[in-house]
Amino acid sequence: MTLPNDVSGKLLCPRCGCVLASFGRDSQTLLAISFTALILLLVANAFPFMAFSAQGQYQEITLLQSVFELWQQSYESLAVMVLVFILLAPLLFLGGLISVLLPLHLRRRNRFNIFILRWLFRITHWSMVEVFLIGVLVSLIKIAAMADVIPGISFWAYILFNLAVTYVLSKVDRVQLWRWVNQGHCHD
């Protein structure tokens, strides 16, 4: 299916009426929230995620330290999964999306856009930040009975990151991105 350059609106399924693609999305908002999510992910990795206090002992841990701690306690596969699905996949997704949208927004060609977009759509399925957050919240309920749990700056940044990346994932439209890449810009 080919679309004229002046298309603005929604592509609907003729049978059920579901939105298959929507055109004319605001690339500036998508780019801004992608940058915000990336900054929040960096903040979430720079500060303590959580602190525990029990029987006079106090322990803080960051997200990256949790990966190393899992590795040291012989949970290598879990450590790798946390590293890949919780930290690297969202980082690669946001970095890839920004590296596609920023040159398009500045009306500059990036010769790697096609390669990046192909990998970008494969990575979206491997980002499991919302699953991790739900697991953390369930664990907090259980741990709170045994120790005092103090969420750190990183915990709150990760919650905001989760909201931002979920928004970005819901607003990324494959057809629209390919259309912008073919046009060489994302201005309607």
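Since every read-out is calculated from the coordinates, none of them should be taken as a lab result. Keep in mind the model is a prediction, meaning the values are calculated, not measured. Here the Cβ is made from the backbone with ideal geometry for all residues, glycine too, and neighbour counts use every protein chain on show.
Within segment 26-172, what percent of beta bridges assigned by DSSP are antiparallel, to the nearest 5? Kindly include the intermediate steps, with their values, before the conclusion.
Numbers: 9 of 9 bridges.
So the antiparallel bridges amount to about 100 percent of the total.
Taking other Cβ within 10 Å of each residue's Cβ, how do V175, V181 sort, fewest first?
Numbers: V175 14, V181 20.
Fewest to most other Cβ atoms nearby, the residues stand as V175, V181.
Apply 1/(1 + (r/R0)^6) to the Cβ-Cβ distance of Y75 and N182, taking R0 = 41 Å, and write down the FRET efficiency to the nearest 0.05. Present the calculation step by step, with values, prior to reporting the outcome.
On the way: r = 45 Å, r/R0 = 1.11.
Here the calculated transfer efficiency is 0.35.
Which longest uninterrupted range of the chain lacks any trypsin sites (Lys or Arg not before Pro) assigned by DSSP to a loop state (not H, G, I, E or B) and surrounded by at most 12 other Cβ atoms within 10 Å?
Within the chain, the longest run free of exposed trypsin sites (Lys or Arg not before Pro) spans 16-106.
Using alpha carbon centroids, what distance separates segment 76-97 and segment 24-60, in Å?
After rounding, the separation between the Cα centres reads 14 Å.
Check every DSSP H run in the chain and write down those whose alpha carbon atoms cover 18 angstrom or more along the long axis and whose mean Kyte-Doolittle hydropathy is -0.5 or greater.
Qualifying helices: 27-46, 89-105, 129-143, 153-171.
Kindly put S66, S139 in sequence by how many other C-beta atoms sit within 10 Å of each C-beta, fewest to most.
Fewest to most other Cβ atoms nearby, the residues stand as S139, S66.
When a footprinting reagent is the concern and you count Cβ atoms within 10 Å, what order do F35, F115, F161 take, fewest first?
F115, F35, F161
Per residue of the chain, what 222 nm ellipticity follows from adding -39500 (n - 2.57) for every DSSP H run with n ≥ 4, rounded to the nearest 500?
Per the formula, -18500 deg cm²/dmol.
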